[in-house]
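To start, the structure under review is shown below, and the notes come after it.
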Amino acid sequence: MDDDARYRGDATALAWAALGGEAGLTGRVRYGGARGLLPARLPVMDLARAAVAVCALAAAELTAARTGGPLPAVTVDDGAVATAFLSERHLRVDGRAPASFAPLSGFWCTADGWLRTHANYPHHRARLLAALGLPDGTGPAELAAELAGRGAAETEEAVYAAGGLAVAVRDAKEWAGHPQGAAVAGRPLLTLAPLGAATPPLRPPAPAGDPLLPAAGLRVLDLTRVIAGPVATRTLALLGADVLRLDAPGLPESQDAHGDTGFGKRSAVLDLGSRAGRATFEELLSRADVVVTGYRPGALDRFGLAPEALAERRPGLVVARLSAWGEYGPWGARRGFDSLVQAATGIAVTEAAADGTPGALPAQALDHGTGYLLAAAVLRALTERSRTGGARLATLALAQTAALLTDVLPRRTAGPADAYDPAGRLAETDSPVGRLRYALPPVSFAGGPTDWSGPPGEWGTDAPAWW
């Protein structure tokens, strides 16, 4: 086995072990495709490949568990992985490239270092400006002038206190010495454990159709936003699940973001703060197999959505919880995004430009990587549930995925990159919002799907009901 093949297998084995999978199964994964993609100082391609590999392996394992047949062969193509990890950049809507970051989102030089802000959503932009005492019409130049006279750490705290999003840029040593960094370092990549009282094994009936998709007949409530959670539930939809995304009426999602991650799903608005909304949710929960949440820890508990409460009302439920910083430490209740986690954990410094300006990974790899790991955790939980019964709880965090990238996976000297044209991994389709060009799914196993069942519709326009 050459060094490249060994590294590919080692990263997959590490992630598969975190999921509690049978060790010998990772040797059945076959790798290929162009080399040298997603180039960075950190081993981004190794992370991306491993996350997709364990997701495909978990899908194959669930297929075998449901059919009683052998484990389907799993293949991972680096070109497919790299293209999928850039899916939001490849998206076109009637030929238009969606906007990525808003003008007030980015790196800013402060009096004593750098600060990263996230103001893509209107309410986050408003809170950022309010924390700094700036008027609503503030532009990038005015924000830069204001931040130039402030300290990065003090601004971080002031913005978070106002409900906004900003973090001081730290190097790896500073993050290791931070209380949240220390809390992250003491925990595993992810957890997957029994939840609540024991129940008999639950084997969903095999629906009609050949071949059987591993998640066919399963119902998933998707309470996630932005990239990581929606990538996970987009993958479950690919694998046959009936995925219903639920959003609060006061938190509209970008249609472009939904255009990227809404494939195979339906999208509804539901007010959990109203009596009617809660009643509708309870009806949905009574028939659900999986609930995936992506809000900051504790944010949904007041609606009865804490994992233990959900499992008590729906025995055998699989609950998956995703957060930015983890459910522990001084930042456990804070909001966060991939770009902010990169800035706080030393990644932005490691990937800095020659002039010292903080940099970024070649993809939002924490989001996408965690998304595929989250889907893999759900699939593994469903397999275990079919064998032993009982509810399961999976917990993941972007900061834990960052720790895998920065502290666990070995860094390697990059060899020459192969020429690669992503066109072969892109497709087009008509949709209710226009003609879409999109990245095809990277999860591949024998007999598995090669594309989603349908394109996304308009965000929030479906009925909150199961098919």
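Screening the range 215-233 for residues that are closer than 17 Å to Val52 by Cα and either assigned to a strand (DSSP E or B) or among the hydrophobic types (A, V, I, L, M, F, W, C) (or both) and picking the one that is most open to solvent (accessible area, probe 1.4 Å) gives Ile227. Listed by first and then second residue, the pairs with beta-carbon distance under 9 Å, at least 6 apart or on different chains, first residue in the range 61-86 and in a loop (DSSP other than H, G, I, E, B) and modelled with pLDDT under 95, second polar (S, T, N, Q) and crowded, with 18+ Cβ neighbours inside 10 Å, are Gly69/Thr63. In the set (1) assigned to a loop (DSSP other than H, G, I, E, B); (2) crowded, with 19+ Cβ neighbours inside 10 Å; (3) hydrophobic (A, V, I, L, M, F, W, C), the condition left unmet by Phe101 is number (2). Pairing each residue of the range 414-438 that is in contact (Cβ under 8 Å) with a residue 24 or more places away in the chain with any residue that is among the polar types (S, T, N, Q), provided the two are 6+ apart or on different chains, yields C-beta distances under 8 Å for Pro422/Thr83; Arg425/Thr83; Leu426/Thr83; Val433/Gln255; Arg435/Thr429; Leu436/Thr429; Tyr438/Ser87; Tyr438/Thr429.
Residues are listed down the side, and each one gets a yes or a no for (1) open to solvent by less than 40 Å² (accessible area, probe 1.4 Å); (2) in a loop (DSSP other than H, G, I, E, B); (3) more than 29 Å from Val93 (Cβ to Cβ); (4) free of Cβ contacts under 8 Å to residues at least 24 places away in the same chain:
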| position | (1), (2), (3), (4) |
| --- | --- |
| Thr235 | yes, no, no, no |
| Leu244 | yes, no, no, no |
| His258 | yes, no, no, no |
| Ala268 | yes, no, no, no |
| Leu272 | yes, yes, yes, no |
| Ala288 | yes, yes, yes, no |
| Arg302 | no, no, yes, yes |
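The single condition from (1) open to solvent by less than 10 Å² (accessible area, probe 1.4 Å); (2) more than 22 Å from His118 (Cβ to Cβ) that Thr395 fails is (1).
Sort through Ala324, Ala343 and tell me the only one that's small (Gly, Ala, Ser), touching a helix residue (DSSP H, G or I) at 6+ places or on another chain (Cβ under 7 Å), closer than 27 Å to Val159 by Cα and modelled with pLDDT of 95 or more. Can you show your working first?
Details: Ala343 fails: touching a helix residue (DSSP H, G or I) at 6+ places or on another chain (Cβ under 7 Å).
When all the criteria are applied, what remains is Ala324.
What about Leu14, is it assigned to a helix (DSSP H, G or I), in contact (Cβ under 8 Å) with a residue 60 or more places away in the chain, under 30 Å from Arg225 (Cβ atoms) and open to solvent by 10 Å² or more (accessible area, probe 1.4 Å)? Judged against the criteria, Leu14 is a match.
Within the range 304-313, take every residue that is touching a residue at least 40 places away in the same chain (Cβ under 8 Å) and among the charged types (D, E, K, R) and give me the one that is most open to solvent (accessible area, probe 1.4 Å). Among residues in the range 304-313 that are touching a residue at least 40 places away in the same chain (Cβ under 8 Å) and among the charged types (D, E, K, R), the one most open to solvent (accessible area, probe 1.4 Å) is Glu312.
Quick grid of which residues meet (1) open to solvent by 20 Å² or more (accessible area, probe 1.4 Å); (2) touching a helix residue (DSSP H, G or I) at 6+ places or on another chain (Cβ under 9 Å):
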position	(1), (2)
Gly24	yes, no
Gly27	yes, yes
Arg35	yes, yes
Leu38	no, yes
Arg66	yes, yes
Pro70	yes, yes
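The residue that is nearest to Asp77 (Cα to Cα), among those in the range 433-446 that are open to solvent by 20 Å² or more (accessible area, probe 1.4 Å) and modelled with pLDDT of 95 or more, is Ser444. When Leu393 is tested against (1) assigned to a strand (DSSP E or B); (2) of a type in the set (A, V, I, L, M, F, W, C); (3) under 16 Å from the mean Cα position of the chain (by Cα), only condition (3) is not met.
May I ask you to verify whether Thr401 is among the hydroxyl-bearing types (Ser, Thr, Tyr) and either at pLDDT below 95 or touching a strand residue (DSSP E or B) at 6+ places or on another chain (Cβ under 7 Å) (or both)? Please lay out each step first, then the result.
Working: among the hydroxyl-bearing types (Ser, Thr, Tyr): yes; either at pLDDT below 95 or touching a strand residue (DSSP E or B) at 6+ places or on another chain (Cβ under 7 Å) (or both): no.
Taking the combined requirement at face value, the residue does not satisfy it.
The values are calculated or read from the model by the stated rules, or taken from the named source; none is laboratory data. Since we're looking at a predicted model, the values are computed, not measured. All Cβ positions, glycine included, derive from the backbone under ideal geometry; neighbour counts span all protein chains shown. Ligands, DNA and RNA are excluded from the accessible area calculation, which covers all protein heavy atoms including side chains. Shrake-Rupley method; radii C 1.70, N 1.55, O 1.52, S 1.80 Å.
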